[in-house]
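To keep things clear, I will list the structure first and then write my remarks on it.
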Amino acid sequence: MRQAVQGCRGCPLFRNATQAVFGEGPRAARVILVGEQPGNDEDLAGHPFVGPAGRVLDEAMEEAGLDRKETYVTNVVKHFKWEPRGKRRIHAKPDSLEIMACRPWLEAEIAVVKPKIVVCLGATAAQALLGKTFRVTRQRGEILSSPLAPRVAATVHPSSILRAPDDQTRRVERQRFVDDLKRVAKALAALG
């Protein structure tokens with residue numbers, strides 16, 4: 001699948017992306033973390049969650065007792081959608097057609113890995129997997145049953161912490177993110 005996704009032409013995003021960025025992690029990972037799409041750093045490197053948001057994720061996971069080496073990380077959309085701003089490539093939110101075009105890739109990843117818990121990082125991932133009415137703002141950190149996996153949860157995307165308006169808000173939001181991941185770790189332990 002990792003090789004096949006490079007030839008994906010299911011939507012126009014491939015035209016401006018460096019490459020498709022497929023998920024990574026152990027085939028038998030007990031947790032899958034699903035973000036929105038690769039960012040600029042991920043697009044260039046070809047690996048998920050390697051940029052600034054990835055560093056926030058790694059630190060929060062470590063604090064919460066989740067080992068990144070034992071999790072599978074991926075995104076709903078496999079190509080970076082961006083808009084030029086000077087010499088920079090700025091993230092643009094994928095639309096529903098782009099999300100639907102990538103859905104078979106994500107479903108295949110989940111089917112192969114067979115995780116105990118799927119964690120949606122951000123509203124785009126949560127709504128893509130849990131439905132348009134799901135609201136991270138209302139259901140953040142809740143551990144739910146799902147046909148995707150025995151348990152599913154949603155929290156904010158780590159990039160939202162980086163976009164917080166000031167240091168105090170970043171600290172508070174980072175702690176809330178860690179607390180959400182601690183609930184995931186606790187639910188994982190309960191599943192055995």
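The values are calculated or read from the model by the stated rules, or taken from the named source; none is laboratory data. Note that the coordinates shown come from a computational prediction; the quantities given were computed from them, not determined experimentally. Positions of Cβ are generated from backbone atoms using ideal geometry, with glycine treated the same way; all protein chains shown enter the neighbour counts. Surface accessibility is based on the protein's heavy atoms, side chains included, excluding ligands, DNA and RNA. Shrake-Rupley method; radii C 1.70, N 1.55, O 1.52, S 1.80 Å.
Could you identify the single residue in Ala149, Ala154 that is closer than 16 Å to Gly35 by Cα, hydrophobic (A, V, I, L, M, F, W, C) and within 19 Å of the chain's Cα centre (by Cα)?
Ala154 is the lone residue from the list that is closer than 16 Å to Gly35 by Cα, hydrophobic (A, V, I, L, M, F, W, C) and within 19 Å of the chain's Cα centre (by Cα).
Checking the conditions here, which among Ala123, Ala128 is open to solvent by 30 Å² or more (accessible area, probe 1.4 Å) and out of contact with any Gly (no Cβ under 7 Å at 6 or more places or on another chain)? Step through it out loud before you land on a result.
On the way: Ala128 fails: open to solvent by 30 Å² or more (accessible area, probe 1.4 Å).
Going through Ala123, Ala128 in turn, just one is open to solvent by 30 Å² or more (accessible area, probe 1.4 Å) and out of contact with any Gly (no Cβ under 7 Å at 6 or more places or on another chain): Ala123.
Which one is farthest from Leu121 (Cα to Cα) among residues in segment 13-27 that are in contact with an Asp or Glu (Cβ under 8 Å, 6 or more places away or on another chain) and surrounded by fewer than 17 Cβ atoms within 10 Å (Cβ to Cβ)?
Ranking the candidates gives Thr18 first.
With the requirement that a residue be touching a Gly at 6+ places or on another chain (Cβ under 6 Å) and open to solvent by 10 Å² or more (accessible area, probe 1.4 Å), what does segment 51-72 give you? Don't jump to the end; show me each part of the working.
Filtering segment 51-72 for residues touching a Gly at 6+ places or on another chain (Cβ under 6 Å) gives 51, 71-72.
Listed by number, the list holds a single entry, Tyr72.
In the list Lys116, Lys87, which residue meets the criterion of being among the charged types (D, E, K, R) and modelled with pLDDT under 95?
Details: Lys116 fails: modelled with pLDDT under 95.
It is Lys87.
Of the conditions (1) over 27 Å from Arg9 (Cα atoms); (2) open to solvent by 60 Å² or more (accessible area, probe 1.4 Å); (3) assigned to a strand (DSSP E or B), Glu83 clears all except one; give me its number.
Status for Glu83: all satisfied but (1).
Across segment 17-68, what is the total count of residues that are closer than 27 Å to Ser146 by Cα and in a loop (DSSP other than H, G, I, E, B)?
17
Out of curiosity, is Leu33 closer than 30 Å to Ala190 by Cβ and open to solvent by less than 20 Å² (accessible area, probe 1.4 Å)?
Judged against the criteria, Leu33 is a match.
If we scan segment 36-50, do we find a residue that is touching a Leu at 6+ places or on another chain (Cβ under 7 Å), closer than 18 Å to Val152 by Cβ and buried (at least 19 other Cβ atoms within 10 Å of the Cβ)?
At the first step, the residues of segment 36-50 found to be touching a Leu at 6+ places or on another chain (Cβ under 7 Å) are 49.
Right, trim to closer than 18 Å to Val152 by Cβ and you get none.
No: segment 36-50 contains no residue that is touching a Leu at 6+ places or on another chain (Cβ under 7 Å), closer than 18 Å to Val152 by Cβ and buried (at least 19 other Cβ atoms within 10 Å of the Cβ).
Just to be sure I understand the filter: pairs with C-beta atoms under 8 Å, separated by 6 or more residues or on different chains, first member in segment 153-181 and closer than 20 Å to Lys93 by Cβ and open to solvent by 60 Å² or more (accessible area, probe 1.4 Å), second member part of a helix (DSSP H, G or I) and aliphatic (A, V, I, L, M). Which pairs pass?
Pairs found: Leu162/Ala53; Leu162/Val56.
Within segment 28-39, identify whether any single residue is out of contact with any Asp or Glu (no Cβ under 8 Å at 6 or more places or on another chain), modelled with pLDDT of 95 or more and among the basic types (Lys, Arg), and answer yes or no.
The answer is no, given that none of the residues of segment 28-39 is out of contact with any Asp or Glu (no Cβ under 8 Å at 6 or more places or on another chain), modelled with pLDDT of 95 or more and among the basic types (Lys, Arg).
I need the full set of residues from segment 95-110 which are open to solvent by less than 60 Å² (accessible area, probe 1.4 Å) and among the hydrophobic types (A, V, I, L, M, F, W, C), in order please.
Ile99, Ala101, Cys102, Trp105, Leu106, Ala108, Ile110
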